[in-house]
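Only one structure is covered here, and it is reproduced in the block below.
Please treat every number below as a calculation from the coordinates, not as lab data. Please read all numbers here as calculations on a predicted model, not as lab measurements. A quick note on method: Cβ atoms are made from the backbone with ideal geometry, for glycine too, and the neighbour counts reach across all protein chains shown.
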Amino acid sequence: MEKFSHITSTIVPIKVENVDTDQIIPARFLKATTRDGFGENLFRDWRFHPDGSKKEDFILNDDQIAGQVLVAGKNFGSGSSREHAAWAIADYGFRVVVSSFFADIFKNNALNNGVLPVQVSQEFLNELFASFEQDHATEVTVNLEQQEIENKATGSKEQFEINTYKKYCLTNGYDDIDYLMSLETEIKAFEETIDYL
Amino acid sequence: MAGKTLFDKIWDSHVVKSVNDGPDVLYIDRHFIHEVTSPQAFAGIEQRGRTVSRPSQTIATADHNVPTKDQHLPIKDALSRKQVEKLTENCERHGVDLYGLNHPYQGIVHVIGPELGITRPGITIVCGDSHTSTHGAFGAIAFGIGTSEVEQVLATQCILQPKPKKMRITVDGELADGVEAKDLILYIISRLSMSGGNGYFVEYAGSAIRSLSMEGRMTVCNMSIEMGARGGMIAPDEITFDYLEGKEFMARGTEFEQLKKQWLALHTDPDAVFDKEVTFDAADISPMITYGTNPGMGVKIDEPIPAETNFADVSERNTFSKSLQYMGLEASERLLGKPVDYVFIGSCTNARIEDLRAVAKIVEGRRKSDSIRAYIVPGSKQVEKQAMEEGLDQIFAASGFELRQPGCSACLGMNEDKVPKGAYCVSTSNRNFEGRQGPGSRTFLASPQTAAATALTGVITDIRSLN
């Protein structure tokens, strides 16, 4: 997994609440057997017409707007557990998703793929949307070590939460599985105690 | 010391180790896999030079992506075929039991686990599918995971998971005629919203829950994720034990009796404390239907869609308007009598034998409306077989319904069973998201009874008013 320390980037705002994983990556694009290439179909049906032509009014199709930080309305990533949603976001080039609320499974999936979910207050989120409206070049800085996000346009800062373990993993680029495999002895010992299976 | 909740009892007994200010290392007893969310996990462990650590604890089936017609023929769609073949190869290579296409146990993963007696009280179950919460109906901790986590379980039989908070939802009283488990859960979600359960694991309790059959309880637990909850569970009781007795992989005789004794301890202690408690009165629940693009946007079927003025919050009002625009509906509009194009009876929420029986009872001796395309997709080969033994297939055929073969089908539109752009579908599935049943499809979630009644009349129909 790619390491994460801090990032300063322009933002890509999607001012919609309850963005579910069916919107992030529709089910018909889940037929691949590798993790690659899902970015192509990120937000597929918001981004493209059925004939494959671009929907010009969707933000990802605006050539003037780009960035590594996706900003979305509250309850981002609800619905299906498909990790393909996190793969699509990472593959497209986002390293951070900012929202005022994340669905649980999505949060885990994002963290397992080096994408940092940053949960902020509704006020901070609204201000960030407003800053972008005023100036599309608005930047944010996300500092994992300090657990802090800053709206560079206004100077507003906010702390965000992440547990010590996940922070350590992201900072060092470690996967959960590396850690779990190091526990082989403990897991075997635990299995010795099971009598119900 | 305060007592423990059912959730705590099971969770705590499965913690191999707690990581300081981090997640727990949770031991997983049973792991279900399917073709869509497992190939990358197998590839991952192989890249690390590992094999599946406890193959007997993983069970596979092909469901999400399979056709529901002509299953004996090679799958036409090349990508789907490759995915299903990949599952077969992976299972063979790693010694995992696979109930693939044409196997008598094949079916939707959350239907086959319980019907085979693999699902049982007191255990931990995960699957790369959010509706894994279904298995909680047996008093198990069951939840959906991502593919990286599937890989963790394949490699180590453990998962790293933060312990969720606990919520109890109590529903007391009796459900009225025409009101089913599906209405009960749609009602709860409409009251708590699609994110009201976020961060929580739910225990359902109360007399209305206790009186549900196992299949009804599965429908309720299945949709826990639709309010954002990590999972849902119900304490096991005689109804649970009766269901499990004699199932294919369930212990028998004295061994089963022994298990029952252990399972009786699986309940929340009277003095246990939940982080949140919610109560509902069963008498307040009517047949429900959704009008919007998330499962929390539901109303009693004889009530109008809310007015815009019901949403004080600007962003909520925007979400509401955006949903109605997608659905081609107006605020304050009544849904009863609205023409629909498709009826889908299926999915891990409502494709069990009781669901099919309920539909058959309504449609027997009647014809479906000519304007409706109606799919009935059984949850498993065993459900299909049972339906045929009971002659339900004949009833469906005589009424103009198509009984297809088992799979997830039009619930998520991964295979060719899709609802076309702009068409309306009354569906017994679990999600009404934009494009869920096919690009541009418009979904009304409802119970099997409501779906059957609607198929007969061609318009959204209150089962209580069907003559």
Checklist outcome for this item: With a ≥ b ≥ c from the Cα gyration tensor eigenvalues, square-rooted, and the rule rounded for a/c under 1.5, otherwise prolate when a/b > b/c and oblate otherwise, the range B:230-321 is prolate
Checklist entry - Excluding A:A153 itself, what net charge comes from residues whose Cβ is under 10 Å from its Cβ, given Lys and Arg +1 and Asp and Glu -1? => result -3
Checklist entry - For the range A:131-197, what ratio Rg/Rh do Cα atoms give with a Kirkwood hydrodynamic radius? => result 1.32
Checklist entry - Using modelled backbone amide H atoms (1.01 Å from N, in-plane), which distant-in-sequence or interchain residues come within less than 5 Å of A:K152's amide H? => result A:E139, A:V140, A:T141
Checklist entry - For the range B:403-467, what is the convex hull (Cα atoms) projected area averaged across all directions, in square nanometres? => result 4.6
Checklist entry - Where the convex hull is taken over the Cα atoms of the range B:207-258, what is its projected area averaged over directions, in nm²? => result 4.5
Checklist outcome for this item: Semi-axes a, b, c in Å (a largest) for the range B:10-118, each sqrt of 5 times a Cα gyration tensor eigenvalue, come to 29, 17, 12
Item to check | FRET E, pair B:T170, B:H103, Förster distance 45 Å, beta-carbon r, rounded to 0.05 | outcome: 0.65
Checklist outcome for this item: Note, the range A:121-126: 3J(HN,Hα) by Karplus (6.51, -1.76, 1.60, θ = phi - 60°), whole Hz, Gly/Pro = x, goes 6, 4, 5, 4, 4, 4
Checklist entry - Just counting partner chain Cβ atoms within 10 Å, what average do the residues of peptide B:135-147 show around their Cβ? => result 3
Checklist entry - If you put +1 on each Lys and Arg Cβ and -1 on each Asp and Glu Cβ, how big is the dipole of the range B:1-143 around its Cα centre, in Debye rounded to 20? => result 160
Checklist entry - Between rounded, prolate and oblate, where does the range B:55-190 land on the alpha carbon gyration tensor, with a ≥ b ≥ c its root eigenvalues, rounded for a/c under 1.5, else prolate if a/b exceeds b/c? => result oblate
Item to check | Whole-number Å³ per residue for the convex hull built on Cα positions in the protein assembly as shown | outcome: 150
Item to check | Dipole magnitude of the range B:73-139, debye to nearest 20 (Cβ charges: Lys/Arg +1, Asp/Glu -1, about Cα centre) | outcome: 100
Next on the checklist: At 222 nm, what value in deg cm²/dmol follows for chain A if DSSP H runs of at least 4 each add -39500 (n - 2.57) and the sum is divided by all its residues, to the nearest 500?
Outcome noted: -8500 deg cm²/dmol
Checklist entry - Sorted by mean Cβ packing within 10 Å, highest first, what order do the peptides B:121-128, B:246-253 take? => result B:121-128, B:246-253
Checklist entry - In terms of modelled amide H atoms, which long-range or inter-chain residues lie less than 5 Å from the amide H of B:Q106? => result B:K381
Checklist entry - Under the rule of -39500 (n - 2.57) per DSSP H run of 4 or more residues, summed and divided by the residues of chain B, what mean residue ellipticity at 222 nm is obtained, to the nearest 500 deg cm²/dmol? => result -9000 deg cm²/dmol
Checklist entry - Residues of B:14-27, mean number of Cβ from any other protein chain within 10 Å of their own Cβ, rounded to a whole number? => result 4
Checklist entry - From the Cα gyration tensor of chain A, with a ≥ b ≥ c the square roots of its eigenvalues, which class applies: rounded if a/c is under 1.5, or else prolate if a/b is larger than b/c, or else oblate? => result oblate
Item to check | Members of A:K3/A:K152; A:K107/A:K157; B:K76/B:K338; A:K55/A:K152; A:K107/B:K300; B:K69/B:K368 lying beyond 26 Å, as alpha-carbon distances in this model show | outcome: B:K76/B:K338; A:K55/A:K152; A:K107/B:K300
Checklist entry - If we count other beta carbons within 10 Å of each Cβ, what is the order of B:Y204, B:Y424, fewest first? => result B:Y424, B:Y204
Next on the checklist: Filter B:K82/B:K418; B:K4/B:K260; A:K166/B:K276; B:K163/B:K260 down to the pairs with a C-alpha to C-alpha distance above 22 Å, please.
Outcome noted: A:K166/B:K276; B:K163/B:K260
Checklist outcome for this item: Along the range A:133-145, Karplus-curve 3J(HN,Hα) (6.51, -1.76, 1.60; θ = phi - 60°) to the nearest Hz, with x for Gly and Pro, reads 4, 6, 8, 5, 8, 3, 10, 10, 10, 10, 10, 5, 4
Checklist entry - If each of B:A398 and A:S53 carries a label point 7 Å out from its Cα toward its Cβ, how far apart are those two points in nm? => result 5.2
Checklist entry - Counting DSSP beta bridges with both partners in the range A:1-145, what percentage is antiparallel, nearest 5? => result 30
Checklist outcome for this item: Short to long, in 10 Å steps from zero, the percent of alpha-carbon pairs of chain B per bin is 4, 21, 31, 27, 13, 2, 0
Next on the checklist: Using only the alpha carbons of the range A:50-147, what is the convex hull's orientation-averaged projected area in square nanometres?
Outcome noted: 7.2
Item to check | Descending Cα extents along the principal axes, the range B:352-467, whole Å | outcome: 36, 33, 21
Item to check | Solution diffusion estimate, µm²/s, Stokes-Einstein, the range B:59-107, Kirkwood Rh from C-alpha pairs, 37 °C, viscosity 0.692 mPa s | outcome: 299
Checklist entry - Hey, any idea what Rg/Rh is for the range B:237-280, computing Rh the Kirkwood way over Cα pairs? => result 1.15
Checklist entry - To the nearest 20 debye, what charge dipole does chain B have about its Cα centre, counting +1 at the Cβ of each Lys and Arg and -1 at the Cβ of each Asp and Glu? => result 800
Checklist outcome for this item: Per-residue average of other protein chain Cβ atoms inside 10 Å, peptide A:96-104 -> 4
Checklist entry - For the protein assembly as shown, with the dipole built from +1 on Lys and Arg beta-carbon atoms and -1 on Asp and Glu ones, taken about the Cα centre, which of B:S148, B:G95, A:S99 lies farthest toward the positive end? => result B:G95
Checklist entry - In terms of modelled amide H atoms, which long-range or inter-chain residues lie less than 5 Å from the amide H of B:S447? => result B:M288
